[in-house]
1. Quick check on segment B:279-302. Is at least one of its residues β-branched (Val, Ile, Thr), surrounded by 17 or more Cβ atoms within 10 Å (Cβ to Cβ) and facing another protein chain (nearest Cβ under 7 Å)?
2. Quick check: anything in segment B:67-79 in a helix (DSSP H, G or I) and in contact (Cβ under 8 Å) with a residue 24 or more places away in the chain?
3. Say we look at segment A:203-229 and pick out the residues that are within 20 Å of B:Thr157 (Cα to Cα), at pLDDT 95 or above and assigned to a loop (DSSP other than H, G, I, E, B); which of these is farthest from the other protein chains (Cβ to nearest Cβ)?
4. Among the residues of segment B:1-47, which ones are in a strand (DSSP E or B) and facing chain A (nearest Cβ under 10 Å)?
5. Run down B:Val167, B:Val200 and say which single residue is on the phi < 0 side of the Ramachandran plot, modelled with pLDDT of 95 or more, in the same structural domain as B:Leu116 (by TED's automatic domain parsing) and part of a strand (DSSP E or B).
6. How many residues, within segment A:265-277, are surrounded by 14 or more Cβ atoms within 10 Å (Cβ to Cβ) and either outside any helix (DSSP H, G or I) or not aliphatic (A, V, I, L, M) (or both)?
7. Provide a single number: the residues in segment A:331-386 that are crowded, with 18+ Cβ neighbours inside 10 Å, among the small types (Gly, Ala, Ser) and closer than 14 Å to A:Ser73 by Cα.
8. Answer yes if at least one residue in segment A:69-91 is within 14 Å of chain B (Cβ to nearest Cβ) and within 28 Å of the chain's Cα centre (by Cα), and no otherwise.
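The values are calculated or read from the model by the stated rules, or taken from the named source; none is laboratory data. What you see is a predicted model, and the numbers here were worked out from it, not measured in a lab. Note that each Cβ is placed from the backbone with ideal geometry, even for glycine, and that neighbours are counted across all protein chains shown.
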Protein chains: 2
Amino acid sequence: MTKPGPLSDLTIIDLSRVLAGPYATMVLSDLGARVIKVERPDGGDDSRHIGPFKAEGVPESAYFASINRGKQSIALNLKDAGDRAIFEALLARADVLVENYRPGVMASLGFGWEALHARYPKLIYAAASGFGHTGPDSQKAAYDMVVQAMGGIMSVTGWPGGPPTRVGTSVGDITAGLFTVIGILSALHERGKTGVGAFVDVAMLDCQIAILENAVARYAVTGVSPGPLGARHPSITPFAAYACQGGHIVIAAGNDGLWQAMLDALDLGMFKDDPRFASNSARSDHADAVAHVIESRLADAPPSHWLPLLDAAGVPCGPLHNIQQALDYPQTRARNMAIHAAYPDGTPLLAAGNPVKISGHGDPVTRPGAPSLDADRAAILKELGL
Amino acid sequence: MTKPGPLSDLTIIDLSRVLAGPYATMVLSDLGARVIKVERPDGGDDSRHIGPFKAEGVPESAYFASINRGKQSIALNLKDAGDRAIFEALLARADVLVENYRPGVMASLGFGWEALHARYPKLIYAAASGFGHTGPDSQKAAYDMVVQAMGGIMSVTGWPGGPPTRVGTSVGDITAGLFTVIGILSALHERGKTGVGAFVDVAMLDCQIAILENAVARYAVTGVSPGPLGARHPSITPFAAYACQGGHIVIAAGNDGLWQAMLDALDLGMFKDDPRFASNSARSDHADAVAHVIESRLADAPPSHWLPLLDAAGVPCGPLHNIQQALDYPQTRARNMAIHAAYPDGTPLLAAGNPVKISGHGDPVTRPGAPSLDADRAAILKELGL
């Protein structure tokens, strides 16, 4: 018998909209937490109106449904006295409040961190914002695209000399969502010791800086901002997409042993003693020559020929999957990473699963649907005795 | 007076190498946890030998130093009886074990999850691997590049018709690191209720699926795998990098009000009633026309002319920063996101800060250095009474 998730004792009040905050509360919900979305009465979460939609002419957002599965919804006008009383009754019973308004909006409603902390000392208050609650830009709004640009990740993504290139998913929002979850769980850990909640302040821009890793180290050492490198790693070689007959494969031979194994697998033993390729540093200095050697051989056959040879030699490699191939891949299926969530009306919706597998807990291949706006009002009011 | 981080009561034993695991334990360390790296005696963590290096001819890795700041190091041969006894004494006092070996390696050493759980029932065991501990590919090795390719993110990154494009940072490792932290903290939360540890199994490939968001929804709705879109968002318009005189800026006008505000700010009021641009859906269907309208105006002046106008109108926008500009940006500095860590010899090293800001805890602009291999052996043995 499996338990309903390690966070099943937690209640999250979620004022957040669109992606960073809702992604954070989706992760918490997938791990068992109860998430109550508090939405504006006029239309609710903005992402209810952002595509892709269920079908032509059916303005039911698949985007909203995929990120808000398993949550409850109540529509509250936080400027209305009656609705404020409901909101306060929710906070009194909650463990965590999540919001992603611009800094200052909650305080102007009388629900800033200081005010809430005084009234609900155990409550953890997590704010995910574009630029954070401090600093000269704190009052500015940001979306994913803005922080991808300002945080530097676009400067190292794409091809040398090519146009600016966005990371194809909203890593600005998603990494902020993940760090927000980490902040919430860290504050919960501390509350377990002290009994007192804390304010968690996560900025999307900060999170973009935090994931630059190697690019910061290269700049720190050289004083020169690195540029984009197309499809290869800056300091591990070979570690790139290489052209084959009719396609590309990725080869990631991260150390000398794997390099030698790759040369054997591709029948390129004549390069074993080539001084240009004697170490990872040497290979990185001659990355173009490495690519030329590999691609000259790979051009003879398609990916389906080369991947089994490299696999058999233990060389990390793989095909370039499109979204369908990634979701249909047997390992993806075996790990319950392609699941069914549902639209508010119960229609199933293919979605990504929960990547945090914890022993003793189920890992269902179906998840409850996303809520219609205000769907849970009656049940919540009854529960609150209002 | 600030406290030393919300996780300061925790001890993490860290067998992990290179990036996914070490990034996870860096996040935990930045939040106050004590992290003891257990490294192989012959060379230690592989990333000690991966560039960028401190200087030409100085094989001290800036990459290693930036990810392993504030950790301790002890070199142990887990096949040696004496070293195994030290390792077991560490586990007996630890809260969490982190490893990123291929599944099966720890069991072959006698340190698999079942064996350790029987001996140390409170211990949380977190494994970050390429493909996870279950499924047909579980025994295969993966590096960042492999899961970026197989997980689909490369299929939506880059330009239509262009070559495959890697996300310029190791999002395959980093997202696995972040989900591993979330798994560890979730298991700690449950241990607070039950007193019993759990096994956390995070796969890099799973994490790539989990961050596809919009791309999965688009595929779910259409049955067609989406392709790359260069520098724009698939379903929000305008939400892209646009060319100006001598550069690019990002404009992210995510709703109708912001679209109108942008038209006013750019003196493009003649398009206010254009039916092609009447809603976000309509604008997304005419994204090329939107870009043409915007870029025709932006071509008249450089980014420094347009950004203040858009800022004043409240339209989310921003410059494309290179790494130096991102790190030197006043908001980045104000948020302590460009900090100094240090090489093992104490030489300062510019690095990214901790994006999880939690009230009551310090957010230092200097962090302790990374350890030399086995630097803490004597102190640890003394502490263990060995």
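1. Filtering segment B:279-302 for residues β-branched (Val, Ile, Thr) gives B:290, B:293-294.
Narrowing the set further to residues that are surrounded by 17 or more Cβ atoms within 10 Å (Cβ to Cβ) leaves B:290, B:293-294.
With the extra rule that they be facing another protein chain (nearest Cβ under 7 Å), the set shrinks to none.
No, there is no match, as no residue in segment B:279-302 is β-branched (Val, Ile, Thr), surrounded by 17 or more Cβ atoms within 10 Å (Cβ to Cβ) and facing another protein chain (nearest Cβ under 7 Å).
2. From segment B:67-79, those in a helix (DSSP H, G or I) are B:67; that's our starting set.
With the extra rule that they be in contact (Cβ under 8 Å) with a residue 24 or more places away in the chain, the set shrinks to B:67.
Yes, segment B:67-79 contains at least one residue that is in a helix (DSSP H, G or I) and in contact (Cβ under 8 Å) with a residue 24 or more places away in the chain.
3. If we take residues in segment A:203-229 being within 20 Å of B:Thr157 (Cα to Cα), at pLDDT 95 or above and assigned to a loop (DSSP other than H, G, I, E, B), then A:Gly227 is farthest from the other protein chains (Cβ to nearest Cβ).
4. Once the filter is applied, which keeps residues that are in a strand (DSSP E or B) and facing chain A (nearest Cβ under 10 Å), segment B:1-47 yields only B:Lys3.
5. Working: B:Val167 fails: part of a strand (DSSP E or B).
One residue alone meets the criteria, B:Val200.
6. Restricting attention to segment A:265-277, the residues satisfying the condition of being surrounded by 14 or more Cβ atoms within 10 Å (Cβ to Cβ) are A:265-266, A:268, A:271, A:274, A:277.
Retained after the next criterion (residues that are either outside any helix (DSSP H, G or I) or not aliphatic (A, V, I, L, M) (or both)): A:266, A:268, A:271, A:274, A:277.
Summing the residues that are surrounded by 14 or more Cβ atoms within 10 Å (Cβ to Cβ) and either outside any helix (DSSP H, G or I) or not aliphatic (A, V, I, L, M) (or both) in segment A:265-277 gives 5.
7. 3
8. Step one: of segment A:69-91, the residues within 14 Å of chain B (Cβ to nearest Cβ) are A:69.
Narrowing the set further to residues that are within 28 Å of the chain's Cα centre (by Cα) leaves A:69.
Yes, there is a match, as at least one residue in segment A:69-91 is within 14 Å of chain B (Cβ to nearest Cβ) and within 28 Å of the chain's Cα centre (by Cα).
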